[in-house]
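S.K.: Mind having a look at this structure? Questions to follow.
Every number here is computed from the coordinates shown, using simple stated rules; none is lab data. Bear in mind the structure is a predicted one, so any value in this text is a computation, not a measurement.
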């Protein structure tokens, strides 16, 4: 697999993981977890774009 394709896959994975964390933070009313999830989702989007 090409490096750019790996970045896209990893970026998509981080977006999904971030979304799950964000939802978990929302459900449990945990602002830190929600913020971590949002940050990971944004980082995943950036990584996907770079790929």
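S.K.: In degrees, nearest 10, range 0 to 90: what is the angle between the Cα axis of helix 3-27 and the longest Cα principal axis of the chain?
M.R.: Relative to the chain, helix 3-27 is tipped by roughly 10 degrees.
S.K.: Based on the Kirkwood radius over alpha-carbon pairs, what value in µm²/s does the Stokes-Einstein equation return for the translational diffusion coefficient of the chain at 37 °C and 0.692 mPa s? Provide the component values of the computation, followed by the final result.
M.R.: Values: Rh = 10.7 Å.
After rounding, the answer is 306 µm²/s.
S.K.: Also, I was wondering about something else. Could you work out the relative contact order of the chain, using alpha carbon pairs under 8 angstrom and six or more residues apart, expressed as a whole percent? Present the calculation step by step, with values, prior to reporting the outcome.
M.R.: On the way: 73 pairs, mean separation 26.0, N = 51.
That works out to 51 percent.
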